[in-house]
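The values are calculated or read from the model by the stated rules, or taken from the named source; none is laboratory data. Because the structure is predicted, anything quoted here is derived from the model rather than measured. Cβ: placed from backbone, ideal geometry, glycine included. Neighbour counts: every protein chain shown. The area values use the complete protein model at the heavy-atom level, side chains included, leaving out ligands, DNA and RNA. Shrake-Rupley method; radii C 1.70, N 1.55, O 1.52, S 1.80 Å.
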There are 2 protein chains.
Amino acid sequence: MTTSNSTTPNTSSDKTTRAFASTVRERLPDAVDPASMAPFPASRKVYVTGSRPDIRVPMREISQTPTITMQGDEVANPPICVYDTSGPYTDPDVELDIRKGLAPLRRAWIDERNDTELLEGLSSAYGRERAGDPALTPLRFPNIGRPRRARSGANVTQMHYARQGVVTPEMEYVALRENQRRAAIKDDPELAKQHLGFGFGATIPAEITPEFVRDEIARGRAILPANINHPELEPMIIGRNFLVKINGNIGNSALTSSIAEEVEKMTWGIRWGADTIMDLSTGRNIHETREWIIRNSPVPIGTVPLYQALEKVNGKAEELTWEVFRDTVIEQAEQGVDYMTIHAGVRLHHIPLTADRTTGIVSRGGAIMAQWCLAHHQESFLYTHFRELCELMQAYDIAFSLGDGLRPGSINDANDEAQFAELETLGELTKIAWEYDVQVMIEGPGHVPMQMIHENMTKQLECCDEAPFYTLGPLVTDIAPGYDHITSGIGAAQIGWYGCAMLCYVTPKEHLGLPDKNDVKTGIITYRIAAHAADLAKGHPGAQRRDNALSKARFEFRWEDQFNLGLDPDTAREFHDETLPKPAAKVAHFCSMCGPKFCSMKLSQDVRERFGSKPQQDVDVGLQQQAERFQAQGSQLYQPE
Amino acid sequence: MTTSNSTTPNTSSDKTTRAFASTVRERLPDAVDPASMAPFPASRKVYVTGSRPDIRVPMREISQTPTITMQGDEVANPPICVYDTSGPYTDPDVELDIRKGLAPLRRAWIDERNDTELLEGLSSAYGRERAGDPALTPLRFPNIGRPRRARSGANVTQMHYARQGVVTPEMEYVALRENQRRAAIKDDPELAKQHLGFGFGATIPAEITPEFVRDEIARGRAILPANINHPELEPMIIGRNFLVKINGNIGNSALTSSIAEEVEKMTWGIRWGADTIMDLSTGRNIHETREWIIRNSPVPIGTVPLYQALEKVNGKAEELTWEVFRDTVIEQAEQGVDYMTIHAGVRLHHIPLTADRTTGIVSRGGAIMAQWCLAHHQESFLYTHFRELCELMQAYDIAFSLGDGLRPGSINDANDEAQFAELETLGELTKIAWEYDVQVMIEGPGHVPMQMIHENMTKQLECCDEAPFYTLGPLVTDIAPGYDHITSGIGAAQIGWYGCAMLCYVTPKEHLGLPDKNDVKTGIITYRIAAHAADLAKGHPGAQRRDNALSKARFEFRWEDQFNLGLDPDTAREFHDETLPKPAAKVAHFCSMCGPKFCSMKLSQDVRERFGSKPQQDVDVGLQQQAERFQAQGSQLYQPE
């Protein structure tokens, strides 16, 4: 067997060489990517203000054109409010400078709590080393502030405050955000229509109150990831009784990508709906790349510190130590990482359980820790130092994302002993973290055929006492490389329905290469579909509003509204224009699928109009009258139901 | 409200003008699209011969490269057999001529039954008119034979033979095809691994015998659509106890497309896995387009005769008559259409039930029939003449695809009274068709949120006594125009799991425009994923074989095998090459997602290799021995489960 070295283009382990190479080849962000700032059509940024003026929750309001009645009258259609993850980038009133970063909207809230202290400098040795290296000056984010940490003896986590009965501004912010002004549609019977959901035990109230947010966080059933060193964050919540969230992964590798590209992927990802972003960089200048990303990110940033720790020991898993890892956690904590994947559930005695798998251990973190455990014949340092880790997470309010290092990498390995043994360990660790009031979510698979997804979700809820589940897909088949956004979107929609709180996207490049911006967008849109389908299926209050508005627009041939209300107006418009490019076609009462004489929607409208004029109620009356008239005449054709 | 006329580019109803325009503008096929004939990588066409030499069932066999052990030894991997819908186009030994059509492989079987007669000429008035029009000569398929019909008093349907206890060659062909030589993998423990499925009442035997095929057809639980005028057909079966099938729609519209394009879409669609093709043309030269398609199609062709009938009355629904419709059915029957969508379930008293819908009647056929019923204040002629229709279908062995004219066009309209009232009528009609031994499947929605899909499937099985269900998606949300292959693929996978027999694809252009070849491919691959995910979830015997082979290849860094075993080798290879274009990278033991030092699969392999060498069994032993050694030493780290 050839070793990987023989095909490795460039793996110099000399740090100076690498840093030098970096300064030469690295591309830095010089401005916000204009594509991420372009206004959404017919949309405006609105803010809902909370109990105090600095709680201003952003939403996107999409305006609609009026319905034109048979008589030529216009009947207004209300604007539709949608959840907005895109941050200040889509607010034309905000002055943006990628080299300064976003405004620290949470700073006052953090200060007021008076439980943190500004440090003189970075606590991690590696952080200080990077900060002191003049060769890195050209790469470094130019506007780095002082790090913050919990005061000695203080517990600064959102879970701690929740358990004390305190509603933080972050919690109120989240409540307003989750409601999406849904009270405004109550008076619109068409928009408010919604099917009864089936929630598999979810208990979603009609209105999300700040108190409900607090209770769910206190209970551990939801997390609000918000590192005190990430004041730029617009708070959001992850839990089965809230809207299903999605994560987009970005990050360079040793072979490809630059800081500028990664920052662009982040702003591009949140434009299309990423609720959180994970920076999974494993290549050059990980530390500097992360700073650029966090300072410009309005969404929580997650990382896998193990990846960087491994870089620090030149990729040799067996040389990892608790000390290197701990220093990495502190380094990232003081940059503002909001949640960290920690593969503490991979225990030594689990490893033989993977031996007869089709695809062994496919989680990078899991494989690294397994290699370490076997090399040392010891229990993983992440497991043995878990309480120390809890103390670190607590000091910055970082949420655990307990990694599923033994997740299945193929259909055949789904729901096996190794996976479930680790899940039980993750349940134990959850309870330990909760002792420290540290927030926890649990990572999940992976590759799972449809009939086994529900067992997976149920087992997680049981083992981890309803701590939020955060799954990668799952992919429901292995046979479609190049289309794994779809194989996994099918599984993601289902597990979201069953109770999964956040869905980690999979792009078309999964298993094949690093996603570019197009792939990021495709992955995000696919997962927005999956998450929304899950919200509908659970019966999340108000979730059907956007479907109702879009379908009404479609039925009334309001083409522009149909595009604008969709998840991706640009693509919808482009597809329409490929067939019918003329502007007139956008107000045409037919679509290109059928042509002018032969459009089922047009025919159906004609049917309606025969029996009355719009609005809807009149049409109903018209048809009803017709039915009654026929019945009165003794005809049996219109039979009562 | 502006009428559609004001925006209609060209709707001349003068037939001569249209025919003339056609001859000038129409593009005709001059050769088979080379893209549809290109060999699949590492694949060869194989034929499994049945009980007689002219039963030769095509399959595609994908060869694999060997596994390289630690010692550098090669261990062969078996070829993988996959279901092949692509017909003779991917057989390099077959001489193809698009102007002659495919060889009539079923002709001898049909002749032998001695129950049909060759007619002197076409029975339909319209067919004769088109055949006699010299202006159409340049457009006409050059190799049209004489039509065939059941002899007076004879019943020629597959259902009739099945009920007589006769196994036709078509049935034996189908049994071999469904088995996919799965017996060959029984001796390969890795390939044969499969999870227990959950079939929601499906009863799939370990091996499909010709007798089982016969029984399922006799019972009405499966159909084998095979018009006696389509001898070019490679038989296939649609039923809940067989592999889940998919349909691809093609067809021109008044605004766009040509005969050549539609034939290309057909050959392109079956290349990627369409089990049947529906020709939904509504534009110019529908009759001639259909002939070109059928003569060159190895898969069943479905149509909606109502579309063409409406063209014949210049798009005025109220001018439709039973006579026009009947003539259209005969016209298409004698061309060889294998199944026809008939919207006979739209009854007059159903129509008012649609009045307060969000999107009224969106099925084209449903809207046309509703308009007709209301204009005449009469029950639909399709309903009142249904027994005559049965006689026509019987005479050519055409399967009914009973159309769901009242299917929901939006999430809000799902599973409503109108839809279910029609479904009950379709159940009544099914039983009538079965009196004539005419095969029946039932069309289904549409737009349905996830929590309501199962009710839909269950209701259909009840109402229609398990006649095969054939659904369009369903789309699980309305909010993603441009991505409705995905919104519907999610629903399709689920309903396929629950018991749906065939999934009608939806392309990214749904609601927006006519699909081009790219869209056809995307739709087909998406639906192959959905159908396969359903097969896996139902526990279809042997379904997991391809997943197992692909995942093993992936784990062993056999990149070429991973591409070749996938649904779309071209796209997988292309995505990989975008990041790592060098040929060496295809044998590299890492992937571009992580880079050379940092690949979880490589790490995991290293873990395995530490404890033994391949093959798998040795690795297991190695890890097991290690565990035992540690246990013997008194270590508690390797705990028994």
Next item on the list: Could you run the Karplus curve 6.51 cos²θ - 1.76 cosθ + 1.60 with θ = phi - 60° over region A:32-45 and give me ³J(HN,Hα) per residue in whole Hz, x for Gly and Pro?
Entry: 5, 4, x, 4, 7, 9, 4, x, 6, x, 6, 10, 9, 7
Check: Percent of accessible area on the protein assembly as shown owned by carbon and sulfur, 1.4 Å probe?
Finding: 50
Margin query: Below 8 Å between Cα atoms, with a sequence gap of 6+, how large is the relative contact order for region B:97-215 in percent?
Written below: 27
Check: Which angle from 0 to 90°, rounded to the nearest 10, does the C-alpha axis of helix A:517-538 make with the longest principal axis of chain A?
Finding: 60
Next item on the list: State to the nearest 20 debye the size of the charge dipole of the protein assembly as shown about its Cα centre, where the only charges are +1 on K and R beta carbons and -1 on D and E beta carbons.
Entry: 1200
Notebook entry, point to check: What shape does region B:249-408 take by its C-alpha gyration tensor, where a ≥ b ≥ c are the square roots of the eigenvalues and a/c under 1.5 counts as rounded, a/b above b/c as prolate, and the rest as oblate?
Noted result: prolate
Item checked: Per-residue mean of C-beta atoms belonging to partner chains within 10 Å, peptide A:488-499 -> 4
Item checked: Given charges at beta-carbon only (K, R positive; D, E negative), |dipole| of region A:106-542 in Debye -> 680
Next item on the list: Using label points projected 7 Å from each Cα along Cα→Cβ, tell me how many nm separate B:Ala375 and A:Thr321, to one decimal.
Entry: 8.7
Check: For chain B, with every protein chain kept in place, what is the accessible area per residue (1.4 Å probe, Å²)?
Finding: 31
Item checked: Number of Lys pairs (Cα under 18 Å; 8 or more positions apart or on different chains) in region B:106-542 -> 9
Item checked: Helix axis angle, B:364-376 relative to chain B longest principal axis, alpha carbon, degrees -> 30
Check: Mean residue ellipticity at 222 nm from the helices of the protein assembly as shown, using -39,500 (n - 2.57) per DSSP H segment of n ≥ 4 over the full residue count, to the nearest 500 deg cm²/dmol?
Finding: -12000 deg cm²/dmol
Next item on the list: Would you tally the net charge around B:Thr526, using a Cβ to Cβ cut-off of less than 13 Å, leaving B:Thr526 out, and scoring K and R as +1, D and E as -1?
Entry: -2
Item checked: Mean Cα-pair separation over length for region A:106-542, i.e. relative contact order, pairs under 8 Å, 6 or more apart, % -> 19
Next item on the list: Name the long-range amide H neighbours of A:Ile246: under 5 Å, sequence gap of 5 or more, or other chain; modelled H, no Pro or chain starts.
Entry: A:Asp275, A:Thr276, A:Leu503
Checklist line | Partner chain coverage, peptide B:538-548 - average Cβ within 10 angstrom | finding: 4
Item checked: FRET E, pair B:Asn114, B:Thr49, Förster distance 35 Å, beta-carbon r, rounded to 0.05 -> 0.90
Checklist line | Test item: A:521-527 mean partner chain Cβ contacts at 10 Å | finding: 2
Item checked: For region A:402-415, Karplus couplings with θ = phi - 60° (6.51, -1.76, 1.60), whole Hz, Gly/Pro x -> 5, x, 9, x, 10, 5, x, x, 7, 3, 5, 8, 4, 6
Notebook entry, point to check: Of all DSSP beta bridges in the protein assembly as shown, what percent run antiparallel (nearest 5)?
Noted result: 40
Notebook entry, point to check: Check A:Gly444: other-chain or 5+ apart residues with amide H under 5 Å from its amide H, H built from backbone geometry?
Noted result: A:Tyr470, A:Thr471, A:Leu472
Next item on the list: In nm to one decimal, list the spacings between the B:Arg113 label point and its equivalents in the other copies, with label points set 7 Å along Cα to Cβ, shortest first.
Entry: 7.6
Next item on the list: Amide H neighbours of B:Cys81 under 5 Å, at least 5 residues apart or on other chains, H built in the peptide plane: list them.
Entry: B:Ile62
Margin query: Between 0 and 90 degrees, rounded to the nearest ten: what's the tilt of helix B:259-272 against the longest Cα principal axis of chain B?
Written below: 30
Check: What's the buried accessible area, both sides, between B and A using a 1.4 Å probe, rounded to 100 Å²?
Finding: 13300
Next item on the list: Please work out how much length the chain gains when fully extended from A:Asn518 to A:Glu388, using 0.36 nm per residue of separation minus the C-alpha to C-alpha distance, in nm with one decimal.
Entry: 42.7 nm
Item checked: Relative contact order [Cα under 8 Å, 6+ residues apart], region A:494-557, whole percent -> 34
Checklist line | For A:Val48, inter-copy label distances in nm, listed shortest first [label point 7 Å out on the Cα-Cβ vector] | finding: 5.8
